[in-house]
Amino acid sequence: MGRFPASFTWGTSTSAYQIEGAFDEDGKGPSIWDEFVRRPGTIVDGSTGDVACDHYHRWAQDVRLLAELGVDAYRFSVSWPRVIPDGRGQTNPAGVGFYDRLVDALLDVGVEPVVTLYHWDLPLALAERGGWPSRDTAEVFARYASVMADALGDRVRRWITINEPWVVAERGYVYGDKAPGRRNDGPAALATAHHLLLGHGLATEAIAAERPEAQVGITLNLSPVVAASNHPLDIEAARRLDGDLNRWYLDPLYGRGYPDDVVADRRADRWLGAGGLDAFVRPHDMETIAAPTGFLGVNYYERTIARDPATPVPPEVVADDAARTAMGWESYPDGLRELLGRLRDDYGPSSILVTENGASYPDGPGPDGRIHDERRSRFIDEHIDAVGAAIAEGVPVDGYFVWSLLDNFEWAFGYTQRFGIVWVDFATLERIPKDSYVRYRDRIAAERRTR
Ligand code: IFM
């Protein structure tokens, strides 16, 4: 207690495709997710985000839930094809109007809107012109950022350009379990990653041009990587994984360019051809990407244990018996403290927001009608403790956002994974705050009292 400064932001997060529904209402254009979910076999329960939590119609109720939770801020994303249906042409006033009303309603109850511009729902028309592997997408993204800064920037102070570029690039173009669902296309993944970072830099400039007072950041999914043992093969596996997941994004954002060792890895595995980075990096790109930002957004869920399959020794770091969430992810709060300390030591961001942290557990209403999700409450408490410990160690963490306010559409897992602190009955769309909602509310209040 007492470790969180008075200015600390307590929040909760969602994203457009995961909660809004209304996939084709009021002039919204299709996104790559509207198309992807319709391909047989892509979503485990065969579901779509067509309705999701119906937040597009029930937003006023959701704002009340936020007000009663007592958070300082709510992080949501704007659906690009809702506001610019083909991504690059005419703005759709009804789409902008939705976010305009949401922002006003949040401010009316004293909740700061923190806006993410890209949480994976690329306008389908842009995908048809090449999508993120094409440089043009970064340029039109900056235009979209400028439209939103013009529309909401008189009331929105903090903006997140891109959510989790690693996921967009590698899950979208290598693993193929997320839209656009391409597999084993390393070169497209690398071009995508670069254009996302470039889009972030260009959007940062575009927002600053509209609203010089705005604070702009990017959100990365980061994970501390530990070698499973001291065996050189495991240590090498850890270097590679850390390079792929963490340094490939952090190094260029903090002015160091792409890390040489990972460039060498990428040449070896043929994600980069003979021309190397020149395939997509143009003069001044790296300066654009490294433009100073207001904060770094960090999404943390678990640590990564790196083990080379050929290692002959038993692992010293074992996660198999660890507490695991329904996603199979290890609950490891100290990893968040370690990660935050490493960011301070290696990159020195002026401000960090933990923009997502949370857990999927299936607990539903019991005989008393309430949801006793003790494991989630504990998960959140322990991770808040880890943030407090990092602050005590001098890391400039300025906010913590629980993922997620609502149970929602968990991408390829459909509605089978529940991350919400509010239960959503997907048949009736009724919302019921879980015990973790009450615990988070009480924790925020308690932390405020000790300031
Ligand atoms: O639901 C996702 C979110 O969209 C991005 N970060 C991770 C969450 C849980 O998988």
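What the table shows:
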read-out	value
Relative contact order %, the chain, counting alpha carbon pairs below 8 Å whose residues are six or more apart	18
1.4 Å probe accessible area per residue over the range 285-391, in Å²	40
Ratio Rg/Rh, restricted to the range 21-175 and using Cα atoms, in which Rh is the Kirkwood radius	0.96
Rel. contact order, % - alpha carbon contacts under 8 angstrom, at least six apart, the range 139-295	26
For the range 25-71 versus the range 349-413, the gap between their alpha-carbon centres in whole angstrom	21
Volume of the Cα convex hull of the range 368-451, divided per residue and given in Å³	116
Beta bridge orientation in the chain: antiparallel %, DSSP, nearest 5	10
Accessible heavy-atom area order of ARG451, ARG64, highest first, probe of 1.4 Å	ARG64, ARG451
Loop-located chymotrypsin sites (Phe, Trp or Tyr not before Pro) in the range 1-73, at most 10 other Cβ atoms within 10 Å (DSSP)	none
Cα Rg, Dmax (largest Cα-Cα span) when computed across the range 312-451, Å	16.8, 53
Which of ASP154, ASP285, ASP385, ASP278 is most accessible, then next, and so on - probe 1.4 Å	ASP278, ASP154, ASP385, ASP285
The chain - mean residue ellipticity at 222 nm from DSSP helices (-39,500 (n - 2.57) per run, n ≥ 4, rounded to 500)	-11500 deg cm²/dmol
Low-density loop cleavage sites - trypsin sites (Lys or Arg not before Pro) in the range 238-341, where at most 14 other Cβ are within 10 Å (DSSP)	ARG270
The range 237-310: relative contact order as a whole-number percent, Cα under 8 Å and 6+ apart	37
Normalised alpha carbon radius of gyration of the range 185-231 [divisor 2.2 N^0.38 Å]	1.74
Apportionment of accessible area to carbon and sulfur, the range 286-394, percent (1.4 Å)	51
Loop sites in the range 278-318: GluC sites (Glu not before Pro), DSSP, at most 15 other Cβ within 10 Å	GLU316
ASP373, ASP269, ASP24, reordered so the largest accessible area comes first (probe 1.4 Å)	ASP24, ASP269, ASP373
10 Å-binned pair-distance histogram of the chain (Cα, whole percent)	4, 21, 33, 29, 11, 2, 0
Average accessible area per residue (Å²) across the range 16-110 - probe 1.4 Å, nucleic acids and ligands excluded	36
The range 99-225 - convex hull of alpha carbons, volume per residue in Å³	121
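The values are calculated or read from the model by the stated rules, or taken from the named source; none is laboratory data. These figures come from a predicted structure and were not determined experimentally. Counting neighbours? That spans all protein chains shown, and the Cβs are built from the backbone with ideal geometry, glycine included. Please note that ligands, DNA and RNA were not included when accessible areas were found on the heavy atoms of the full protein model with its side chains. Shrake-Rupley method; radii C 1.70, N 1.55, O 1.52, S 1.80 Å.
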